[in-house]
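Student: Encoded as structure tokens, here's the structure I'll be asking about.
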Amino acid sequence: MEGSSGVSLLLAGLAGLLSFLSPCVLPLIPSYVGFITGLTAEQTTGRRRLVVLHALSFVLGFSFIFVALGASVSLVGGLLIHSQVWLGRLGGVLVILLALYLLGVIRPAWLMRERRLQLTDKPLGLVGSAIVGVTFGAAWTPCIGPILGAILTLAATAGSAGKGTLLLTVYAAGLAIPFLVTALLLERFLEWFQHFRRYLPWVERTSGVLLLLLGILLVTDRFTLLAGYLQGLTPEFLRSRL
């Protein structure tokens, strides 16, 4: 079980990074940074402290939403502890459907529509930046929704609210850390993005393949086999410290 938890945390962190790199998040990062700080890319260079404070407030806002979701679904999953196997299988079916969506096999209209709160005015100070973060976390977009849904499925089958909360905390960190780095190095990010944007469709496809594999492992109740395999690849000196 410990190995399975370790793999789940690794997947959660990777999912956060893939969410950051997704086609409906990555291109909007400069807009979010500009909105919460009120600065252009050139102006952020000389005002690092202000940018960091606003970016931290922003990531704390969306992290709160993700962690709250993780605690909620894992709490419900904990109440169904005697049905964990079937809960995992049903969740696996859901993850497979989300994977097929990312791979373009199915495109239901209800999932294509974005659901988000609209903010028309610039936020008021650091509190305003946190509110924008909460708005981002509460948004439902065609890219981040399937990935987040898969991690929430893992949280529901984690067995306890603590484990589910930890999973979503790691997921939020996977999304938050690159955002903070981008906010600090916005001009360099814009240069890098011009070269990376051609690979955005492959990020979505990679996410779809990974979710498909995860869904199959959950449906067949073989998720722990992946943990055992990866644990076998871990050097002995590292395993003794885990």
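Student: Does Phe20 count as touching a residue at least 24 places away in the same chain (Cβ under 8 Å), among the aromatic types (Phe, Trp, Tyr) and touching a Phe, Trp or Tyr at 6+ places or on another chain (Cβ under 6 Å)? First the steps, then the outcome.
Tutor: On the way: touching a residue at least 24 places away in the same chain (Cβ under 8 Å): yes; among the aromatic types (Phe, Trp, Tyr): yes; touching a Phe, Trp or Tyr at 6+ places or on another chain (Cβ under 6 Å): no.
Considered against the rule, which asks whether it is touching a residue at least 24 places away in the same chain (Cβ under 8 Å), among the aromatic types (Phe, Trp, Tyr) and touching a Phe, Trp or Tyr at 6+ places or on another chain (Cβ under 6 Å), Phe20 comes out as no.
Student: When you scan region 39-53, do you find a residue that is over 16 Å from the mean Cα position of the chain (by Cα), buried (at least 18 other Cβ atoms within 10 Å of the Cβ) and modelled with pLDDT of 85 or more, even just one?
Tutor: Yes - at least one qualifying residue is present in region 39-53.
Student: Could you tell me which of the residues Val33, Val67 is buried (at least 18 other Cβ atoms within 10 Å of the Cβ) and under 13 Å from the mean Cα position of the chain (by Cα)?
Tutor: On the way: Val33 fails: under 13 Å from the mean Cα position of the chain (by Cα).
Of Val33, Val67, the one residue that is buried (at least 18 other Cβ atoms within 10 Å of the Cβ) and under 13 Å from the mean Cα position of the chain (by Cα) is Val67.
Student: Of all residues in region 194-211, count the ones that are within 19 Å of Gly16 (Cβ to Cβ) and either not in a helix (DSSP H, G or I) or not polar (S, T, N, Q) (or both). Before the answer, list the steps.
Tutor: As a first pass, look at region 194-211 and keep what is within 19 Å of Gly16 (Cβ to Cβ): 196, 199-200, 202-211.
Okay, now just the ones that are also either not in a helix (DSSP H, G or I) or not polar (S, T, N, Q) (or both), so 196, 199-200, 202-205, 208-211.
Final tally of qualifying residues: 11.
Student: Of all the residues that make up region 146-178, how many are out of contact with any helix residue (DSSP H, G or I) (no Cβ under 6 Å at 6 or more places or on another chain) and more than 22 Å from Leu102 (Cα to Cα)?
Tutor: Filtering region 146-178 down to residues out of contact with any helix residue (DSSP H, G or I) (no Cβ under 6 Å at 6 or more places or on another chain) leaves 148, 159, 162-163, 166, 173, 177.
From what is left, the residues that are more than 22 Å from Leu102 (Cα to Cα) are 159, 162-163, 166, 173, 177.
Result for region 146-178: 6.
Student: Now for a separate question. If only one of Ser72, Ser63 is assigned to a helix (DSSP H, G or I), farther than 20 Å from Phe189 by Cβ and free of Cβ contacts under 8 Å to residues at least 12 places away in the same chain, which one is it?
Tutor: Numbers: Ser63 fails: free of Cβ contacts under 8 Å to residues at least 12 places away in the same chain.
Result: Ser72 is the single residue among Ser72, Ser63 that is assigned to a helix (DSSP H, G or I), farther than 20 Å from Phe189 by Cβ and free of Cβ contacts under 8 Å to residues at least 12 places away in the same chain.
Student: Separate question: Inspect all residues belonging to region 183-199 and state whether any of them is under 18 Å from Leu14 (Cβ atoms), modelled with pLDDT of 85 or more and either aromatic (Phe, Trp, Tyr) or surrounded by 15 or more Cβ atoms within 10 Å (Cβ to Cβ) (or both). If you could, list the steps in order and put the result at the bottom.
Tutor: Our first condition is that a residue be under 18 Å from Leu14 (Cβ atoms); within region 183-199, this holds for 196, 199.
Narrowing further to those that are modelled with pLDDT of 85 or more: 196, 199.
Checking which are either aromatic (Phe, Trp, Tyr) or surrounded by 15 or more Cβ atoms within 10 Å (Cβ to Cβ) (or both) leaves us with 196, 199.
Checked region 183-199: at least one residue is under 18 Å from Leu14 (Cβ atoms), modelled with pLDDT of 85 or more and either aromatic (Phe, Trp, Tyr) or surrounded by 15 or more Cβ atoms within 10 Å (Cβ to Cβ) (or both).
Student: With respect to Ile65, is the statement that it is modelled with pLDDT of 75 or more and either hydrophobic (A, V, I, L, M, F, W, C) or in contact with a helix residue (DSSP H, G or I) (Cβ under 6 Å, 6 or more places away or on another chain) (or both) true?
Tutor: On the way: modelled with pLDDT of 75 or more: yes; either hydrophobic (A, V, I, L, M, F, W, C) or in contact with a helix residue (DSSP H, G or I) (Cβ under 6 Å, 6 or more places away or on another chain) (or both): yes.
Answer is yes for this residue.
Student: Follow-up question, since we're still on this one. Whether any residue in region 217-230 is of a type in the set (D, E, K, R) and either closer than 21 Å to Pro23 by Cα or at pLDDT 85 or above (or both) is what I want to check.
Tutor: Of region 217-230, the ones of a type in the set (D, E, K, R) are 221-222.
Narrowing the set further to residues that are either closer than 21 Å to Pro23 by Cα or at pLDDT 85 or above (or both) leaves none.
Looking through region 217-230, none of the residues is of a type in the set (D, E, K, R) and either closer than 21 Å to Pro23 by Cα or at pLDDT 85 or above (or both).
The values are calculated or read from the model by the stated rules, or taken from the named source; none is laboratory data. From a predicted model like this one, the values you see are computed outputs, not experimental measurements. Every residue, glycine among them, receives a Cβ derived from its backbone with ideal geometry; neighbour counts consider all protein chains shown.
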